[in-house]
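What follows is calculated from the coordinates using simple rules that are stated; it is not laboratory data. Being a predicted model, the structure only gives us computed values, none of them experimental. No Cβ is skipped: glycine too gets one built from the backbone with ideal geometry, and neighbour counts run over all protein chains shown.
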């Protein structure tokens, strides 16, 4: 269970060591990809708690969502429409939904354990 | 079940690592944005184009100001010719009588003379009383005086404050005498700029005193070192004449 957290720390350390920098104009793509990744992570946690977790769905969701969000932002910039806003709103809403579900499940578990 | 669980944990770890990398990259690029590489080639090209245009316009400015500078420099040279022209203009105006002038000269007054008894006795049969009173100074006498003054080198002459210029007419209109369009009344007073001695002796030589004695007038000569002759006051219009253009003139 602690392995993913370790992985996160490991990734952060690697990121600092690599010292990559994204140019300003591509920074929005990365941020939206990051948002998609976070959404997938929370979705994974939720499905894990709901015991409907599937690795393939999780993996494909992570990569597909990330790439699709970045691609949407790119197409939006290409067309002159701020499409990345749509992705941000959608992922944001899903993120909060997932968080709410996770919180509820954990609360229920805690209350049922107490009783 | 365990290997599957491990597999899941492994995948989750990898994905977490990827997300961590993305997070840090995003963080770093937001904290220290790269500005130099954020411009595309076309952007740089348009910027270069703009700078080139600016350079060109600055060059044009330089040449413009150089030209202006050159003009001012030449203007400094031609300044002399302008002053010469101004001098010439003022000289011409002085000659034409359009400005008041002063200098040494003579004042000639034609005043009523008290009848001298002995002279009356001498010329008694020549000039009867009727004759004397009937003889009036006319325009011709004044013209003669003015001409004599000019002939004796007067540079500026005025009659009762009216400047006499080259086109001035002195003529009888009815009972009075007009200088140009202004009436003049006796006593008549000429002011002439010139050598006073020459002017006075010239008039005397012409017999001005004798001439005006006939009209029972006396001539009073007065020399002056500082005499002011006024400017010609009437409007001069140029009519009936045009400068003849010779071929060399522009």
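Compared with the dominant Cα axis of chain A, that is its longest principal axis, helix A:27-49 is turned about 20°. The mean count of C-beta atoms from other chains within 10 Å of the C-beta of residues in A:13-26, rounded to a whole number, is 6.
Shape descriptor for chain B: Rg over Rh equals 1.78 (Cα atoms; Rh from the Kirkwood inverse mean 1/r). Projection of the Cα convex hull of the range B:176-225, averaged over all directions and equal to a quarter of that hull's surface, yields 4.3 nm². When Rg and Dmax are taken over the Cα atoms of the range A:68-115, they come to 17.6, 57 Å. Expressed as a whole percent, the proportion of Cα-Cα pairs in the range B:158-250 lying more than 17 Å apart is 65%. Mean partner shielding of peptide A:51-63, defined as the number of other chain Cβ atoms within 10 Å of each residue Cβ, is 2.
Shielding of peptide A:29-42 by partners, expressed as the average count of other chain Cβ atoms within 10 Å per residue Cβ, is 3. On a 0 to 90 degree scale, rounded to 10, what angle separates helix B:139-151 from the longest Cα axis of chain B? For helix B:139-151, the angle is close to 60 degrees. In percent, rounded to a whole number, the relative contact order of the range A:27-115 is 39, using alpha-carbon pairs under 8 Å and six or more apart. From the Kirkwood radius over Cα pairs of the protein assembly as shown, Stokes-Einstein at 10 °C and 1.306 mPa s returns a whole-number translational diffusion coefficient of 49 µm²/s.
Averaging over all projection directions, the Cα-based convex hull of chain A occupies 8.5 nm² in the image plane.
Mind checking the angle between helix A:3-18 and chain A's longest principal axis? C-alpha axes, 0 to 90 degrees, to the nearest 10. Relative to chain A, helix A:3-18 is tipped by roughly 20 degrees. With distances taken between every two different alpha-carbon atoms, the range A:8-75 has a Kirkwood hydrodynamic radius of 13.2 Å.
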